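The values are calculated or read from the model by the stated rules, or taken from the named source; none is laboratory data. Only a predicted model underlies this, so the values are computations on that prediction, with no experimental measurement involved. Cβ coordinates were reconstructed from backbone atoms using ideal geometry, including for glycine residues, and neighbour counts include every protein chain displayed.
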Amino acid sequence: MKVLKTIILSLITLILILIIAGSIFTLIVLLEYIPQLPDPSLLLQYNPPTKTTIYDAKGLPLAELYAEKRIVVPIKDIPQHLKDAVVAIEDERFYSHVGVDLKGIARAIYKGIKLGEFKEGGSTITQQLARNVFLTLERTPSRKIMEILLALRIETTLSKEEILHLYLNIIYFGEGCYGVESAARTYFGKSAKNLNLAESALLAGIIRSPENYSPFKNRDLAIARQRLVLRKMLELGFIDEKEYESALNTELKFSTGKDGFWKAPYFVDYVLSILKNDLGFKDIEKSGLDIYTTLDLDIQKVAEEVLLEGLRKAKDYNVSQGALVLIENNTGYIRAMVGGKDYRESQFNRAVQAYRQPGSAFKPFVYTVAIQEGWKPEDTIVDEEISFKVGDKLWKPQNYDRRFRGVITLKDALAYSVNIPAVKLLYEVGVDKVLDLAIKMGLPLDSISDRNLAIALGGVTRGVTPLQLAQAFSVWANRGVLIKPIAIKVVKDKEGKVLYSSEVKNSRILDEDVAKTITEMLENVIKYGTGKRANCGHPCAGKTGTTSDYRDAWFVGFTRRYTTCVWMGNDDNTPTRGVTGGMFPAEVWGNFMKRILSNTQPLPLFD
């Protein structure tokens, strides 16, 4: 009996010692870690990096940019079966535990002992939320203790619905996307609120191991996981047998795995370069900005279609690339920009980055100075063989067709793009005056190296871009006023505060009478000259441009509303097979303008 009492007393003593030791350990843990715990109420103000959106002029999205591919949605836009699927597979006792699932932990320990290998497990949705927002992902006892304590505090601060809402907008789903909305769009090309039960179960199954269960990486494994989720939902009473069978038989239609390329991608790149390099915006992808641009997506779509069709026609003539840019005359707004045949193949934006020789598209600058100097369109000049001394050599300019026309009026010389009259006219009015004017109108010429008679034929050192040439031609369209091109109208932060707003900047470059005279001369280019294929059925004016060996082919022109520039050629500067500006570029220009002006009233170029 004495022995039995001794044994019982010893057990009681041992239990008391263990309780006291456990209490002391718990007290130490609490004193050590509780002061380090963040305030769980901060979760309600948690503002994860969100998308920046770029819009066209009508508010249609062109591109969404992400640091983390995330779109935060309210809980009402997350279907109940998606919430149930996540709870079923990730934390089946979510609605009954207090942040820590003791049964889950015990099960994880049991499995670890049985398998002889301990893997982290038993984490509740609340613990995962705590870990993703406040803690690191390192696997240490210290971090696990912090995770458990923080989960307990979160449960006393937030409702289950608030916890689940935050979790579903934060958790990673693979393929670079965070949150259910981004995942739904990425995997199924639809919003989360439109997901069916089968799709919801598949997304829920991804969470445990996104790299393994992504349907884009392992379709069979993802579907097997989805069926496990559905079985768990059935066992837990979230769905009935009929819903279970229906979901198993639902065909899963996956998207391509990406949101697709941006709309007007060359223009989007151009906008981003302005934001970063000119306006000084940093971390655009994670700032949640709304960027409203000048682009008109309807016009842009027509531009892309017409240019591609023109490039298809020109392919047999060794033309591999092209560009098109359109400016609205009275605002300077860039309404369309196509920087190449296919953005997926090449992101080089030929509309703003390709500096090419303008060829005869430069001649109107020479004629403008001549008109300023008192010449008249009806005045004549002799088209004849001529040579000029350049250093120790003689330079003999040639006409395109290698023949001479004798006496010719200025208006016909420009309409037919005859070279020698343009060179002679440049010699008469002076190279410096023409250079100064072209620079004022927006061309990046070098006032020293470009000081030669060859500029009459577009022989400039650096070359010009389609956007620069369009800007310069818009000066004539605007009756002598330069309006600088604008791509961005307004930039707002995520609270709607305006961070940037553009202004229309204009300056008079030419007298209106001079601009009118040149416009009338450029109308003749389309009426009977080299640009007849550009006729769009509206009053229009423009100029063809072709460089030596047919390396570049241009048409740039304007109506009352718009100025458009089209370029065709090859990136490696190899010659085309005899393509001139009056061929495919003029045809593209005419077709494009005809389509975008089809429902508008024809307007005279000058009242």
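If you go through segment 166-189 one residue at a time, how many are touching a residue at least 60 places away in the same chain (Cβ under 8 Å) and not in a helix (DSSP H, G or I)?
Of the residues in segment 166-189, 6 are touching a residue at least 60 places away in the same chain (Cβ under 8 Å) and not in a helix (DSSP H, G or I).
Only one of these is modelled with pLDDT under 95 and among the β-branched types (V, I, T): I448, I526. Name it.
Numbers: I526 fails: modelled with pLDDT under 95.
Checking each option against the conditions leaves just I448.
What tally of residues in segment 389-417 results from selecting those that are in contact (Cβ under 8 Å) with a residue 24 or more places away in the chain and in contact with an Asp or Glu (Cβ under 8 Å, 6 or more places away or on another chain)?
We begin by selecting, within segment 389-417, every residue in contact (Cβ under 8 Å) with a residue 24 or more places away in the chain; these are 390, 395, 397, 400, 406-417.
Among the residues that remain, those that are also in contact with an Asp or Glu (Cβ under 8 Å, 6 or more places away or on another chain) are: 406-411, 413.
Here the count works out to 7.
Can you find a residue that is basic (K, R) and surrounded by fewer than 17 Cβ atoms within 10 Å (Cβ to Cβ) anywhere in segment 423-431? First the steps, then the outcome.
At the first step, the residues of segment 423-431 found to be basic (K, R) are 424.
If we keep only those that are surrounded by fewer than 17 Cβ atoms within 10 Å (Cβ to Cβ) as well, we get none.
The answer is no; no qualifying residue exists.
Counting residues that are in contact with a helix residue (DSSP H, G or I) (Cβ under 8 Å, 6 or more places away or on another chain), at pLDDT below 90 and farther than 28 Å from L234 by Cα, which helices (runs of 4 or more DSSP H) fully inside segment 73-165 reach at least 1?
Passing ranges, in order: 125-134, 141-157.
Considering segment 179-212 alone, what residues qualify as being among the aromatic types (F, W, Y) and surrounded by fewer than 23 Cβ atoms within 10 Å (Cβ to Cβ)? Walk me through it before giving the result.
The initial filter retains those residues of segment 179-212 that are among the aromatic types (F, W, Y), namely 187-188.
If the condition is that a residue be among the aromatic types (F, W, Y) and surrounded by fewer than 23 Cβ atoms within 10 Å (Cβ to Cβ), then F188 is the only one that fits.
Criterion first (surrounded by 20 or more Cβ atoms within 10 Å (Cβ to Cβ), in contact with an Asp or Glu (Cβ under 6 Å, 6 or more places away or on another chain) and at pLDDT 95 or above) does I420 satisfy it? Working first, answer last.
Details: surrounded by 20 or more Cβ atoms within 10 Å (Cβ to Cβ): yes; in contact with an Asp or Glu (Cβ under 6 Å, 6 or more places away or on another chain): yes; at pLDDT 95 or above: yes.
Yes.
Which helices (runs of 4 or more DSSP H) sit wholly inside segment 222-334 and have at least 2 residues that are crowded, with 22+ Cβ neighbours inside 10 Å? It would help to see each step written out before you state the result.
Values: elements: 241-248, 265-273, 297-314.
Those helices (runs of 4 or more DSSP H) span 265-273, 297-314.
Scan segment 480-501 and give yes if some residue there is in contact with a helix residue (DSSP H, G or I) (Cβ under 9 Å, 6 or more places away or on another chain) and either at pLDDT below 95 or more than 26 Å from G280 (Cα to Cα) (or both), otherwise no. Full working, then the answer.
As a first pass, look at segment 480-501 and keep what is in contact with a helix residue (DSSP H, G or I) (Cβ under 9 Å, 6 or more places away or on another chain): 480-485, 487-488, 491, 500.
If we keep only those that are either at pLDDT below 95 or more than 26 Å from G280 (Cα to Cα) (or both) as well, we get 480-481.
There is at least one residue in segment 480-501 that is in contact with a helix residue (DSSP H, G or I) (Cβ under 9 Å, 6 or more places away or on another chain) and either at pLDDT below 95 or more than 26 Å from G280 (Cα to Cα) (or both).
Quick grid of which residues meet (1) buried (at least 24 other Cβ atoms within 10 Å of the Cβ); (2) of a type in the set (V, I, T):
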position	(1), (2)
V464	yes, yes
W476	yes, no
S502	no, no
D511	no, no
H538	no, no
D549	no, no
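I'd like to know if segment 256-266 contains one or more residues that are among the aliphatic types (A, V, I, L, M), in contact with a Ser or Thr (Cβ under 7 Å, 6 or more places away or on another chain) and within 30 Å of E181 (Cα to Cα). Quick ask: steps written out before the conclusion?
Our first condition is that a residue be among the aliphatic types (A, V, I, L, M); within segment 256-266, this holds for 264.
Adding the requirement that they be in contact with a Ser or Thr (Cβ under 7 Å, 6 or more places away or on another chain) leaves none.
Scanning segment 256-266 turns up no residue that is among the aliphatic types (A, V, I, L, M), in contact with a Ser or Thr (Cβ under 7 Å, 6 or more places away or on another chain) and within 30 Å of E181 (Cα to Cα).
Does L307 satisfy the condition of being in contact with a Leu (Cβ under 7 Å, 6 or more places away or on another chain), of a type outside the set (S, T, N, Q) and either under 22 Å from V86 (Cβ atoms) or not assigned by TED's automatic domain parsing to the domain that holds D342 (or both)? Lay out the reasoning, then the answer.
Working: in contact with a Leu (Cβ under 7 Å, 6 or more places away or on another chain): yes; of a type outside the set (S, T, N, Q): yes; either under 22 Å from V86 (Cβ atoms) or not assigned by TED's automatic domain parsing to the domain that holds D342 (or both): no.
The answer is no for L307.
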